DNA sequence: TTGAAAGCGCTAACAC
DNA sequence: GTGTTAGCGCTTTCAA
């Protein structure tokens with residue numbers, strides 16, 4: 001049988017209350033008692049039972065997180081940053097993947113809630129289908145959305161300023177001399193897909209550039225490659241292609257290489273995210289970086305502020321992106 | 001206040017015992033009671049408290065996992081496979097990253113144990129420094145090592161048959177005509193690094209190939225690139241380079257590209273793992289795939305078999321790899 | 001079949 | 001400063 005605080009108390013010759021006090025150190029005990037209890041605890045190899053403590057305290061010290069998939073390196077980076085931030089606050093991260101399925105997502109949220117996590121961080125996989133589960137969860141625990149969000153309002157969010165990101169990407173290729181620019185993104189089932197497309201269109205209009213119908217598929221390199229082949233098969237290459245994320249851009253680069261199109265001489269390519277592989281592909285990818293650490297910090301801050309049932313203004317924090325110029329785009333002529 | 005089983009019982013006009021029985025459905029109750037209890041539960045929006053259940057049942061339905069880092073796509077794939085497998089068994093995965101630090105690793109294990117996970121899956125970051133914490137954890141909960149393992153024996157393990165993997169890689173490049181072959185791997189702080197190096201040397205000897213001193217750094221593309229530059233600066237390029245994992249190979253490919261060395265014409269490159277990006281780099285990477293799903297299945301099976309304190313033979317399951325030939329290696333002349 | 005009650009391990013009143 | 005005890009929410013004896 002496992003050793004409990006009762007065993008420690010008995011071994012130290014004190015009551016469980018004293019043992020508890022000595023162990024937590026949050027209440028006064030005589031040095032003698034503290035000494036005996038601590039010795040007994042180490043002697044017996046006492047391990048406090050977090051489950052019992054959680055039941056008693058009504059708090060678990062755990063934050064639950066649901067992401068669409070950990071195959072996407074952006075989410076991985078985000079998770080790592082969040083895990084570090086939370087650990088500084090003495091909390092643990094309970095991570096789940098929804099596998100891009102709103103049903104699984106809803107189930108994971110329920111599980112997390114039944115495990116009484118102290119808060120929830122979620123990147124909803126579908127802007128519409130995820131809404132009921134997310135809203136219901138938000139009513140039962142502090143919740144903050146990260147990166148993606150659901151359409152229905154009223155829930156806090158921390159993410160990228162997509163308009164600014166797309167503006168940076170478009171202005172950069174325009175400054176490099178591009179006149180026609182294409183967009184390869186994701187089907188509009190999530191907020192990132194929508195925001196990035198509309199940000200792109202806005203920026204293109206403002207810059208007075210020419211564009212073609214956007215190519216919309218998935219945020220994967222497979223789709224990037226496929227879209228690249230579509231472009232290759234078209235009438236005429238655009239001067240530049242802006243991609244909805246780096247994965248797409250990496251796939252596109254491969255398709256262009258295969259098609260014998262030189263980057264950036266014949267066409268410039270820009271991604272979004274700045275995942276690790278962006279610097280490794282050929283040529284290294286110019287991209288708009290998401291300040292992941294900053295986002296993690298903000299997300300945790302918002303989460304700690306939320307007190308359930310308390311009326312407060314909804315926070316929507318859009319973080320400014322940062323253009324990282326590598327070699328898939330021509331520099332501005334000076 | 002949250003609704004508890006007491007509220008449900010009261011609303012249904014029965015005792016908590018009956019409510020519990022009706023809700024779990026594992027014990028006989030009259031249809032009438034079942035009906036009333038279930039209606040009350042849905043009416044009130046009852047959510048069972050998993051913490052209380054865990055305290056009572058002494059089981060949480062949760063498996064804890066500690067990986068060195070989720071930045072490495074191999075671990076990501078592994079985690080996803082494991083998560084799916086566990087979900088089929090109705091268990092949840094509590095994922096932690098040790099960030100390649102044995103101290104953090106030990107702390108995460110303690111946390112997981114105090115949260116009373118039903119089992120532990122770990123890929124220890126250091127073959128020596130991880131040992132005390134892993135052994136101690138193994139004494140307190142069913143534990144299985146995946147991929148990497150600690151030197152001290154006595155603990156179950158599921159992973160790749162590294163000797164076979166390296167043999168496949170070496171024999172493949174030999175069949176393609178290579179006479180001299182280099183190895184770029186990781187410093188020998190973990191079992192994968194050691195096994196892959198020794199597997200390489202064994203295979204090279206057996207094949208009668210020539211080799212040079214292995215280049216040992218980290219399992220990252222940064223190191224792959226750096227090692228590539230070292231190779232470029234040397235006297236003479238080997239006919240083939242076998243890499244300790246795909247990340248290294250991807251970095252190497254980039255260095256070779258920069259150095260103007262053509263792959264596979266001038267030098268063949270082979271990786272290990274078969275991560276998603278392996279098919280996207282330039283040229284697409286020939287690699288030895290780890291059968292991740294099979295490993296996940298085995299790991300879960302072993303974990304469920306372990307009954308604490310029960311003496312049973314240690315299981316060490318090495319799974320056969322599968323060579324995936326892409327374009328960084330010349331095919332066998334036929 | 002149902003209800004009362006014990007108890008999982010812990011902490012915080014409360015009383016001394 | 002210390003001990004006794006209630007109670008967090010649940011399931012499962014044990015009696016009826």
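The values are calculated or read from the model by the stated rules, or taken from the named source; none is laboratory data. Just so it is clear, the model here is predicted, and its values are computed rather than measured. Please note: Cβ atoms are built from the backbone with ideal geometry, for glycine as well, and neighbour counts cover all protein chains shown.
Side notes on the structure shown:
- Taken over region B:48-72, the residue count meeting the criterion of being modelled with pLDDT of 95 or more and more than 23 Å from residue B:137 (Cα to Cα) is 5.
- Test: residue A:322 is more than 20 Å from residue A:121 (Cα to Cα), surrounded by fewer than 22 Cβ atoms within 10 Å (Cβ to Cβ) and within 14 Å of another protein chain (Cβ to nearest Cβ): no
- Residue B:16 more than 10 Å from chain A (Cβ to nearest Cβ), more than 16 Å from DNA strand D (Cβ to nearest atom), in contact with a helix residue (DSSP H, G or I) (Cβ under 8 Å, 6 or more places away or on another chain) and at pLDDT 95 or above: no
- Taking the numbered list (1) within 14 Å of chain A (Cβ to nearest Cβ); (2) buried (at least 18 other Cβ atoms within 10 Å of the Cβ); (3) free of Cβ contacts under 8 Å to residues at least 40 places away in the same chain in turn, residue B:37 passes all entries but (1).
- No other residue among B:61, B:45 is facing chain A (nearest Cβ under 10 Å), farther than 26 Å from residue B:115 by Cβ and within 16 Å of DNA strand D (Cβ to nearest atom) apart from B:45.
- Among helices (runs of 4 or more DSSP H) entirely within region A:1-109, having at least 1 residues that are within 14 Å of DNA strand C (Cβ to nearest atom) singles out A:5-12, A:16-24, A:31-44, A:50-57.
- Selection status of residue A:242, in contact (Cβ under 8 Å) with a residue 40 or more places away in the chain, surrounded by fewer than 17 Cβ atoms within 10 Å (Cβ to Cβ) and more than 14 Å from chain B (Cβ to nearest Cβ): no
- Selection over region A:89-115 of residues that are farther than 26 Å from residue A:246 by Cα and at the interface with another protein chain (Cβ under 8 Å from one of its Cβ atoms) gives a count of 8.
- Scanning region B:273-290 for residues that are assigned to a loop (DSSP other than H, G, I, E, B) and touching a strand residue (DSSP E or B) at 6+ places or on another chain (Cβ under 6 Å) returns B:274, B:285, B:290.
- Check on residue B:4, more than 11 Å from every other protein chain (Cβ to nearest Cβ) and out of contact with any helix residue (DSSP H, G or I) (no Cβ under 9 Å at 6 or more places or on another chain): no
- Top-ranked residue in region B:1-13 [being farther than 21 Å from residue A:140 by Cα and surrounded by fewer than 18 Cβ atoms within 10 Å (Cβ to Cβ); ranked as nearest to DNA strand D (Cβ to nearest atom)]: B:10
- Qualifying residues in region B:65-88 (those that are more than 10 Å from chain A (Cβ to nearest Cβ) and touching a strand residue (DSSP E or B) at 6+ places or on another chain (Cβ under 9 Å)) - the one surrounded by the most Cβ atoms within 10 Å (Cβ to Cβ): B:67
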